[in-house]
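Each remark here refers to the structure printed beneath this line.
The values are calculated or read from the model by the stated rules, or taken from the named source; none is laboratory data. The shown structure was predicted, so the numbers you read here are calculated from the model rather than taken from an experiment. Here the Cβ positions follow ideal geometry from the backbone for every residue, glycine too, while neighbour counts run over all protein chains shown.
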Amino acid sequence: MNPPTFNELLLFYQNLSPSSLAELGRFYDAEAFFKDPFNEVRGLAAIDTIFQHMFKALEAPKFVVLRSVANHETHPSHAFVTWIFEFNRGHKAYSIRGVTEFDFNAEGRITRHRDYWDAAEELYAKLPLIGGPIRWLARQLSSN
């Protein structure tokens, strides 16, 4: 089987669905490392569990790729992707902006997936009850 191209990976994420999770092994190495503000796991099964949970806990989750930079157009060894993650939860729409850093092996599969996004600004500050205190604290700490 040919290694997946970088464009195929981007399309995979933009069209991610519960049924497409069966293709994770095409894009991720069996021992891939994954880290985001809430999870730090190793292995394809653990990564699959994170995405399965996402589809169970959130309504209509969707990644919108904004930009990508890779050290090789088709089969990079390293890449960055900026994105917006959109979802609904309890009649409210949310969007989170972030960046993913990918490392790939010689077969073109992801060996390291690291998401960077500010949970306080992008999520907690938008939630009822805790959002107000977080926004107040941010204003107090700001130099503006």
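Would you confirm whether any residue within region 34-53 is farther than 17 Å from residue 112 by Cα and either touching a residue at least 12 places away in the same chain (Cβ under 8 Å) or of a type in the set (Lys, Arg) (or both)? Checked region 34-53: at least one residue is farther than 17 Å from residue 112 by Cα and either touching a residue at least 12 places away in the same chain (Cβ under 8 Å) or of a type in the set (Lys, Arg) (or both). Residue check, residue 10 against (1) at pLDDT 95 or above; (2) out of contact with any Asp or Glu (no Cβ under 6 Å at 6 or more places or on another chain); (3) assigned to a strand (DSSP E or B); (4) hydrophobic (A, V, I, L, M, F, W, C), all met but one. Which one? Evaluating residue 10 over (1) at pLDDT 95 or above; (2) out of contact with any Asp or Glu (no Cβ under 6 Å at 6 or more places or on another chain); (3) assigned to a strand (DSSP E or B); (4) hydrophobic (A, V, I, L, M, F, W, C) leaves (3) as the failure. Residue 63 - would you say it is more than 22 Å from residue 31 (Cβ to Cβ), buried (at least 16 other Cβ atoms within 10 Å of the Cβ) and out of contact with any helix residue (DSSP H, G or I) (no Cβ under 6 Å at 6 or more places or on another chain)? Here the answer is no, as residue 63 does not meet what is asked.
Among the residues here, residue 16 does not qualify as touching a Lys or Arg at 6+ places or on another chain (Cβ under 9 Å), aliphatic (A, V, I, L, M) and surrounded by fewer than 14 Cβ atoms within 10 Å (Cβ to Cβ). In the set 82, 100, only one residue is buried (at least 17 other Cβ atoms within 10 Å of the Cβ), among the polar types (S, T, N, Q) and closer than 15 Å to residue 116 by Cα; that residue is 100.
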